[in-house]
Every structure is written in structure tokens, then in C-alpha cells.
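Take a look at the structure below.
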Amino acid sequence: MSKYKDAPRVRLSFALAAAVGAMILAGCGSSSKSTSTTTPAPAPAPSTTTSTTAATSSSTSACGSKPGVAATGTPINIGTIDTHQPGTDFTDGPNMINAYFACVNANGGVDGHPLKLFVELDQTQPAQVAAAAKQLIQSDHVVAIDGVFDLLECTIDQSYWKSLGIFEMDAGIAPECWSTPNSAAVNMGPRYSSDGAVQYALASEHASKIVFVQSNVPGTGYIAAGPAALAKASKVPITELTENVPITDASSVALNLVDDAGSNGSVVLNFTPPEALVILQAVQKLGLEDRVKSWGCSTPCDTDFLAKALGPKWDHKLFVNAEATDADDHNGPEMQLYKAILAKYGSSVAGGIGSFSQFGFLLAKFLVQALDTVHGAYTIKSVNTAIEGIKDYKSEMLCQPWTYGNLALHIPNNADYTVTPESGKMITVQGCTSISSADPQIAQYHKVASAHGVASGLS
Amino acid sequence: MSAAGVETADTTTQPPSSPGGFDTRTLVRPAVIAALLLFVVLALPSILSTYYVDAMIQVAIWSIVALGLGLLVGRVGLVSLGQAAVLALGAWVAARILFATSLPYPLVLLAAGLITMVLGTLVGLPALRLSGLYLALITLMLAGAITVVLATTNFPNGGHGFLGYNGSAVHIPQIRRPSIANTDTAFLRYSVIVAALMFLLVLAHVRTRPGRAWAAIRQSESAALAAGINTTLYKLWAFALASFVTGVAGGLLAGSSRYLYSYDFTTQESITLLAVVLMGGIFSLWGAIIAGLLLQLLPQLLNSWGVSPDWLTILFGIGVLQVLLTAPAGLVDQVPKDLARLGRLLRGLARRVAPAGGRSP
Amino acid sequence: MHPFILMALSLPSWQDEWPFLVTGLALGGVYALSGVGMIVLYRTTGVLNLSFGAVGAFGALIAWQLINHSGVNQWLAYLVCILFSGVLTLAYGMVFGRALAGRDPLVKTTATLGLTLVLLGVMDLLWTSSGGASRAITLPTDNHGFMIGQVQVSTTDVIGLAVGVALTIVTTAFLRYSKLGTAMRAMANDREITATLGVPVRRVEAAAWFGCGIVSGVAGILLADLVALDATTLTFLVISSLAAALIARLSSIVITFVAAIVIGVVDALITPIQSLSNYRDMTPFVLAAVALLVINRHRVISISQEGI
């Protein structure tokens, strides 16, 4: 402890280094502002770009009842909880909802009331997620929980929402998002999306064996139960594997997968985009694409980035489950509105067009639609009664109408597309297809829904 | 937050060479500490918003973890880069016992502490032959190994078997809390009391024979050996004590979180922990509380101001460099000095300005 | 059932195992790159540079940025990455390395963790993961290669291994035979005495830091291709590489290289054994822990100079 005689000099040089560091930071920050739009931000095709720019003001006016009139009443407070930690950043979801709200507020609001979104971010600490929920209700006085993009939230806050009579709308990951009365998701989540990919391998590729591999995170058994049930119903053997993430030895993983699947089998992956990419690239480097019948992947693989990063050998070899309508292929009024809002209000949506912002759009849109049905004061009771009452809301982005309802569990999105890479883009190879009721949870949902007179399948 | 830190620090800072963390030469200081503790236990939980009640629970828990690491680093000179893994062990053991039995919570905490202590000591026993850098690196290796095991076995979630994990569970049951501390405010009181007990336990060691032995080892291990101190025994003792309090903290963490995930016990967490412990100050027990505040309250504050958590990582990195270069005693020592310097500067300025302005205070 | 019984029951045949030997060699090359790079600096300055991976990741991300968003030629981008890593490491060495020169290796090593945290935070700020972003660097050598049996070996794998071998040979020779290298070795032993002998200590140190930075940049590019272009992954990958360096007791470059290869191969060979597969990431840690404890079992209690 005696070596600080030249402390002042050290401090000076330290300050200098800090200043240089700050400069570098500032420089990088400004130069890479636009570049943080990392992956799936493919600019809309030229024709759509011009049409959207020309029609921006008029087309975003579709999100409110009084075009061009700013809402000035007392705000309606909405809350959301989203995962944001180094490496796992779901903030595109709430950012898109904020963009939609900004659009609504600029066009008359909800009956003159502007919408205000309170965003609580968490770093996957359960206690923090629980505290965030209480903060939203007790301090921020929100009347609805909408747009939760979170790894853990459904598990942790379910009993709290239930005790308050809150019906949350989310795009989740935890099993409770699809298995409780108080949560309904616009996405399918890992289990049903994996179901979709396995189902395609079984039905369309006639795989004689399935190897289902996923990242080793809590709840893998719950996810794998779906694909296992589907394979069993088709009397096809299935091997369930998990891999610790981050994967550092992708080549070994790739070899192991093809060895397990054999030439007539299919490998189905359930990973985040970076991990899926690492495995698929290793397969490509080792030249193993054709050693199995086909490759499958749950929704996260559905990005043009992946299609571009992988070579042409994957075209019509890799089949990805897609939970929402492809924004590039479709251009109905709703898709145009989505793109227009993204262009005008969505500067903070780093990923641009993609499933995160599409789900954010849907969650905001359904909420606003439900709020329009509320008469009188906007309280937790009145608003959540309206949310629970959501029935058959139609959207171009989903295969089927979306319903909440007073049900013991909700899987309102249970029909999917299948896409495959083709010349650097993901294209649709199979239109809306129901996830098989061989998955007991899906069967359970249809049973519960029909008992309550709710249409739950594809119409 | 910093204001509280300054107040407490100002009254208790001591030169690094002194073995004691608290000073009891007068009766005033223990009285102040007791009053502070009473305030934290009785008044604070009722005035804080629920959000910060939870943050303070985490502060209490992580202060204990920082206390354990600070003991190793500051008192004995052993750097562990794997304390998050030790905490995970404690939490795992506690969760397993809580799901399997209906034992009273204090007993569970004690068991978690003791089992973690045995495991920590087993790890420490062979590692103690290694010199500083090697010891730090081997704890990093062991923490890496524990992380892999935990990622594979997962935390107990009410399942059966030894591991108590049911991967197929659709509804995961909560980990129970003590019956007297089921609400958040009650659990905060409970955590603070447990934390205070842990601090007293460590203080009792620091101020008696083990503390003197550690101080001797820290100054010069060869001199300590020559003086007839069983250095291996006392190093192991430090490992055992640090593991025990960390295990107890793990038990509290299980109850406070109610769900445990392997996401929360990464190697990066161990490194961040070392960073905040160094920043808080390793020569005073107050440093552990500051470390807890830095690690658990600051992120929540930044969160509510909409600042990205990445800035915190950067801050902690700069903090490590700053502490190692210029302020080895950490914030607990640095902030009062800086404030005193600032005060002198302001007074000097005031004096210089006063004649010119013609208004003398 | 007990995992080891299961293992005994389902040991894969040699036929199944041997492709994994090939991927294991490639993985070993990955570990060797960082391991050897860290040892070089440690032997000259007594600093175990734990920010090695973070610096390389930063360089690789800059290269990715230049290639994908500024349309810079990829080789130029890689050069920028390598130079950036060199300069960044040199700057750290000049400011903090020098200020801490007289301190215990433990203090110097802990300080590099500070740099690691700073770089991690900055990288995550600049290259966010929002919207499920993912990035990749694909070297042109990925698409060339040859078959060993049924396994395609890409030229990048070979380059990774070759760079590891080259680094091992060049630095070993350099430290032993060149004047600068001898100075570096002397300095690691005792900086003060070396200085009094007329060795330009600062310049030698600067060379060591810059060299280490260059190696981390090269490793950053190669690992971004071979493993993943992800800040956290690359940053903490050094911990696995460190295992190899530890087995070599932070001194022998050759043993570090061999240990890295062994770790890579063992790791890969465990992959097809289902009951153990999920535990295979423990390989470096377990091997390092065992090696350290065995190597050190006859040592008397060692004395460190100074705590933090």
C-alpha cells in the first residue's frame, strides 16, 4: 500500500485516458447511429418506400379516430415489463408500442385521451420482475399490462395479476404465458413454434426421425414435450437434445446432430438467432447440409439476415416456422399502417421491420381496439373487462382472429406459416397451417375454447 | 444514496492497517449504528415505495455477499473470482431444502450457510497452496465449472429426486418465505436483521484472534509463519467464514426471488461483484454496504431514469481501475476525502470571492 | 441411472468418434490462439491480460461495422481491427500497465478486468442485441477446404491452427534468441534490475503490449469466424483459453499450445456421449483445476508480494 507516491501523475493520465475514451465513444456513437439497425432492417422495397413516404401522413392517420388532432385529455396509463440486459434486449417490442401510441395520440387518442406507456426493464432477476409489476400498479397507476416481451415475467407475476383481475397481453417465452387465465400472447412461443417446425418436417418432408435440439435454459422439458408428442403421434422416433449457450464448439454440435438424425431424419433447432446462425454456419462449413433429410427451425430463425448469411445450399433445405405474416410479401392496409408508423414514429425501433416490431404493433393495436369499447372511466376493472372480452379481432399479420376470453389457458395464435431461404430472402412455402392437436396443450386449449363457445382454430 | 454512504463513512473510516472496521472507542458510534439499524428495520420499509423495498432487500442480501468477498480480499488478501457461483450454491441448497421440508426458515438459512461452508472449504483446502494470482484464477475456473453444472441441473422448482427440478413443469411453484416475513416489507426487515447478524459475526472474527492472524498474514505471510501463526488454518478459516455468510445470503436470495434461474449467476456476475467490492472499499465493513448499494440500488435508479445498464458495466470497469490506481480503500475512504477537499476548495473560493464582492459572510 | 454407468453403456464407437477428433483439433486451435497470446504478454510484463478477448471482440465488431455499413474492403477492415486492438492494448499498457508496473501480478490482472468491463459495456451500447440482432464475420477461406473422411475441413480451421503453431514457434524463438526477447524475459523477472542494465524498459514493454494487442486482434477475427461474433461470448472465451495457460503454469508457450489442443479434443470427443454432453463445457476448467492442484501438491505455501 506504499506505492502511491506518483498518484497525481497517475490521476492526470487517468483523466486523460478517460477523456480520450469519451471522445472515441462519442465518435463511434455518432458514426454508428444508423448502424445499430443491425439485423433485419431491410429497407422496404423501392416501390413501397415511395408509396409510404408519399402517403405517410395520410396512412398513419388510420391509427386514430380524429386524424391530425392531438389528444389532450387525461392520459390512460399502460404498463409493460421487458427484458433488457447485455445480450438479451427485447426493447424493440415496447419501442414499437410507443410508436403506435404516439401515432394514436397524434390522431385523436382514445376518445380524446392520450395513451402513456410505462416501461419497466429487467435484467432477468425474478425479484426485480416482481417489484416492477408492483411499481406499475402502485406508483404508476397503470390500468392495463400490455406488450410484455420478457423471459420470465409470465411465471413470476401471474398470481399478482390474478389477484388484481388484470389480463395481460404479451409476446412471451415462459410457459405460463400460454397456460394461465390471465395471460394471452400474440406469439406462439418456443413450444408451439417448435411444434410447427417439427410438424412440417413430419408431414411435408416425411422425416423418419426427428432430432430436436434447443438451448439449455430453464423449461426445456416443457418445450420439448410438444415436439415429442407430435413425433409420437406420427410414430416417428425423436431425440431431444440441449446445448449450453453460448455455443463455442459449433462444429462438434453440428456433427453430433447429423449423426443422430441420419440421412432420412430431420434436425429441428430452437435457439435465438445468433446461436442458430452459429450452428447452421458450422453445418455449412463442414458440408453437412445434405447429410440429413431436412433442417427445421422455430420462429427466431425467420430473419432475412439469416437467409443472407447462409448460402444457397440452404434454399428449400431449411424450413422455418413463422408465427406472423411476412411483412415483405404482404401489403394490405394494416401492413402499410405498420410500415408507416415504423417510418414516422419508430426511430427507436432498432431492428426495424421484424417479428419484434410486428408483435409490438399487434399488441398496441388490439389494446386500442379494446379501449375503444370502454364506456365511462378507464379503470383497471373496466379496461381489463374489455381486454378479456377481446373476441375475433382480425389482423393481416396473423393466420386467425385473436381472442382473449374467460378461459383457463390461452393459445390464440395456433396456426403458422413455414418459410425457407431463397436467394437471400425468406419466402413462404406453406400457408396457414394449424398446430396439431397431438400436442396435449393445444388439444386442451381447443377443448376449453369450444366449451366457452370461442372459435379457436383456423376458420 | 451517496449522502447516506458519506454520513456513515465519515464517522467510521479507518486507516487500512487497523484490523477493526467499526470503532468503539466511544459509545457514541455504536449508538449511531444501532439507531441507523433501527431506522432501517422499523421506518425505512414503510416509507419506501414497493419498488425500492425490493431493491433494498437485494442490497441487504448482496451486502452480505460483498462482506464475504471483502473479508477475503481486504483482510486476508485472497482474491476470489467465483463468489457468484458460491452464492448460487447457497441459493440452490436453500431452495432444495425449502421445497423438500417445512423446516423453519432460520434453520434453512443456517443449513444453507453450513453446507456452502463445507463446499467452499473443500474448494479452498487445495487452492490455498496456490499464490494470489493462481488462487484467483482457480476460483475463476471452479466458478466456470459450477456455472456449467447449474445450467444443466437447473435450480430446484418443486420437482422430485435429488435435483428437485422438473423441466416439464407448466406452473412453477414459488419458493416459500418465512411465515413472519411473507410480505416484501416484512422480508426487508428480516433480511436486514440477518445481514446485521452476519456483519456482527464477521466483526467478531475481525476483532479477535482470527482477525489479528489475518492482518499478520496480509502484511507478510512469511513473517506470520515465523511468528508461529498457522497460516493455512487461518486462511481456511477465512474461506469457511466467507462461504458461510455467502451461503446464508443465498438462502435469503431464494426467498426474496421466489424463483431461481441460472441466468443470474454468471462469471460476469462474479467479476462485477469483485469490482463493486473493490469500489466500495475492502478495509471497512461499511464498504460491503456501499458495494451492495452500487450493485443493487444503483441499477434500479438508472433503470428508472431510463439509462442503459451498459453504462453501469462501464462505470464498474472504470471503478476497478480507479481503485487499483489511486484509491485502494475504496469509496468509503475516498468520498469523505473528496468532499473535504471540495469543501476546502469552496471555502477558498468563497474567501477569494468575498473581498472582491465586498460582502463578507 | 448414474451418468457414468450410462456412459459406459453408450460409449460411441471409434468410427463415430473420429470426426470429432478433427473438430476437436480445430477447437483446440481456437483455445490455443488466445492462450498463447496471453502468455506472451504475461512472460514479458507479468500481466495476465484478461481483456484479451474483449479487445479482440471490439476489433472484430469494428471490422464487421466497416464491412457491412461502410462498404470497406474486408481485408482492409481486418487490418483496421488488428491495428485497433494493438493500439488499444498499447494505450492501456502505457497508462495503466505502467502505473501498476511495480505491483503484484494479482493487482495487474485484476486491473485488466476493469478494462474488460468497460469494453463489454461499450460494445453492448454500440452493437445492441435488440430486435434479435445477430452478426457474423465470414472469411473467404471458409468456403475452401478439403475432406478428411466424411468431414469437411475449412481453410479457416487450418489457418486457426496454423496461426497458433506459428505464434508458438515465433514467440518461443523470439524470446529465446532475439535481443528484444531476451530483454523481455529479463524484465519479467525483475524490472528494476533490467532497467539498471541499460535495457530501454519502457520501449520493451510497449513492444510487448502492442504485440499482445496485435495477437488479440488476429484472434478476434479468427474467433469471430470460428466461434461467433458476439461480445460476451468472445470476451469470456478467454477463460477457457486461460485453462490451457494455467496448465502450463503461465510459463511455457509450448505446453500452453499442447494443453489447448488436448482440451479441444477432449471437449469434442465428449460431445456424442449424450449423458455427458451437457457437461463438456467444464472440460477446460476441470483439466486446469486438476493440473494445478497436482502440479502444486509438493509446493510449500507460496507467498504473494502484496494484496490489492
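Couple of notes before you dig in:
- Taking every residue in the range C:147-167 that is crowded, with 19+ Cβ neighbours inside 10 Å and pairing it with any residue that is acidic (Asp, Glu), at least 6 positions away or on another chain, the pairs with Cβ-Cβ distances below 7 Å are C:154/C:142; C:156/C:142; C:156/C:225.
- Listed here are the helices (runs of 4 or more DSSP H) enclosed by the range C:176-227 that have at least 2 residues being in contact (Cβ under 8 Å) with a residue 12 or more places away in the chain, of a type in the set (Gly, Ala, Ser) and under 14 Å from residue C:101 (Cβ atoms): C:201-226.
- Unmet criterion (only one of (1) at the interface with another protein chain (Cβ under 10 Å from one of its Cβ atoms); (2) under 20 Å from the mean Cα position of the chain (by Cα); (3) not in a helix (DSSP H, G or I)) for residue A:140: (2)
- Residues of the range A:285-303 that turn out to be within 12 Å of chain C (Cβ to nearest Cβ) and outside any loop (DSSP other than H, G, I, E, B), as a count: 8
- Scanning the range C:109-154 for residues that are at the interface with chain A (Cβ under 9 Å from one of its Cβ atoms) and of a type in the set (Ser, Thr, Tyr) returns C:128, C:129, C:130, C:134, C:138, C:154.
- Pair list, Cβ under 7 Å, 6 or more apart: the range A:62-88 residue free of Cβ contacts under 8 Å to residues at least 12 places away in the same chain, other residue in a loop (DSSP other than H, G, I, E, B) and surrounded by 17 or more Cβ atoms within 10 Å (Cβ to Cβ): A:87/C:129
- Comparison of C:80, C:95, C:87, C:107 shows that the only residue that is under 20 Å from residue C:119 (Cβ atoms), touching a Ser or Thr at 6+ places or on another chain (Cβ under 6 Å) and not hydroxyl-bearing (Ser, Thr, Tyr) is C:95.
- Unique match (being crowded, with 23+ Cβ neighbours inside 10 Å and at pLDDT below 85) among B:3, B:85, B:9: B:9
- Complete set of residues in the range A:254-274 that are at the interface with chain C (Cβ under 9 Å from one of its Cβ atoms), crowded, with 24+ Cβ neighbours inside 10 Å and β-branched (Val, Ile, Thr): none
- Residues of the range B:291-307 satisfying the condition of being touching a Ser or Thr at 6+ places or on another chain (Cβ under 9 Å) and either aromatic (Phe, Trp, Tyr) or surrounded by fewer than 23 Cβ atoms within 10 Å (Cβ to Cβ) (or both): B:302
- The range B:27-75, residues that are modelled with pLDDT under 85 and touching a Leu at 6+ places or on another chain (Cβ under 6 Å): B:45
- Scanning the range A:136-193 for residues that are among the acidic types (Asp, Glu) and open to solvent by less than 10 Å² (accessible area, probe 1.4 Å) returns A:146, A:150, A:153, A:157, A:168, A:170, A:176.
- Matching residues, the range A:383-404, being farther than 20 Å from residue A:337 by Cβ and surrounded by 20 or more Cβ atoms within 10 Å (Cβ to Cβ): A:383, A:384, A:386, A:387, A:404
- Checked against the criteria, residue B:75 counts as charged (D, E, K, R) and either open to solvent by less than 10 Å² (accessible area, probe 1.4 Å) or within 19 Å of residue B:330 (Cβ to Cβ) (or both).
- The residue of the range B:283-318 that is nearest to the other protein chains (Cβ to nearest Cβ), among those that are among the polar types (S, T, N, Q), in a helix (DSSP H, G or I) and touching a strand residue (DSSP E or B) at 6+ places or on another chain (Cβ under 9 Å), is B:303.
- Answer residue from the range B:244-266, given it is within 12 Å of chain A (Cβ to nearest Cβ) and polar (S, T, N, Q) and is nearest to residue C:50 (Cα to Cα) among those: B:266
- Residue in the range B:251-268 that is more than 28 Å from residue B:190 (Cβ to Cβ) and in contact with a Ser or Thr (Cβ under 8 Å, 6 or more places away or on another chain) present: yes
- Residues in the range B:130-158 that are part of a loop (DSSP other than H, G, I, E, B) and either surrounded by 20 or more Cβ atoms within 10 Å (Cβ to Cβ) or touching a residue at least 60 places away in the same chain (Cβ under 8 Å) (or both): 5 in all.
- Test: residue in the range B:248-270 that is in contact with a Lys or Arg (Cβ under 6 Å, 6 or more places away or on another chain), closer than 25 Å to residue B:81 by Cβ and touching a residue at least 12 places away in the same chain (Cβ under 8 Å): no
- Residue in the range C:257-265 that is facing another protein chain (nearest Cβ under 10 Å) and over 19 Å from residue C:165 (Cβ atoms) present: no
- Yes/no for residue B:333 being without any contact (Cβ under 8 Å) to a residue 60 or more places away in the chain and part of a helix (DSSP H, G or I): no
- Matching option when the condition is free of Cβ contacts under 8 Å to residues at least 60 places away in the same chain, of a type in the set (S, T, N, Q) and at negative phi, among A:434, A:395: A:434
- Single condition residue A:249 does not satisfy, out of (1) within 14 Å of chain B (Cβ to nearest Cβ); (2) open to solvent by 20 Å² or more (accessible area, probe 1.4 Å); (3) touching a Leu at 6+ places or on another chain (Cβ under 6 Å): (2)
- Residue within the range B:163-183 that is part of a helix (DSSP H, G or I) and either among the aromatic types (Phe, Trp, Tyr) or open to solvent by 10 Å² or more (accessible area, probe 1.4 Å) (or both) present: yes
- Taking the numbered list (1) over 22 Å from the mean Cα position of the chain (by Cα); (2) surrounded by fewer than 22 Cβ atoms within 10 Å (Cβ to Cβ) in turn, residue A:202 passes all entries but (2).
- Annotation note: Cβ proximity below 6 Å between a residue of the range A:114-142 that is basic (Lys, Arg) and a residue that is surrounded by fewer than 22 Cβ atoms within 10 Å (Cβ to Cβ) (sequence gap 6+ or interchain) occurs for A:116/A:75; A:116/A:77; A:134/B:50.
- All of (1) open to solvent by 10 Å² or more (accessible area, probe 1.4 Å); (2) modelled with pLDDT of 95 or more; (3) away from chain B (no Cβ under 14 Å); (4) touching a Pro at 6+ places or on another chain (Cβ under 7 Å) hold for residue A:229 with one exception: (3).
The values are calculated or read from the model by the stated rules, or taken from the named source; none is laboratory data. What you see is a predicted model; the values in this text were computed from it and never measured. Every residue, glycine among them, receives a Cβ derived from its backbone with ideal geometry; neighbour counts consider all protein chains shown. Side chains are part of the model used for accessible areas, which takes the heavy atoms of the whole protein and leaves out ligands, DNA and RNA. Shrake-Rupley method; radii C 1.70, N 1.55, O 1.52, S 1.80 Å.
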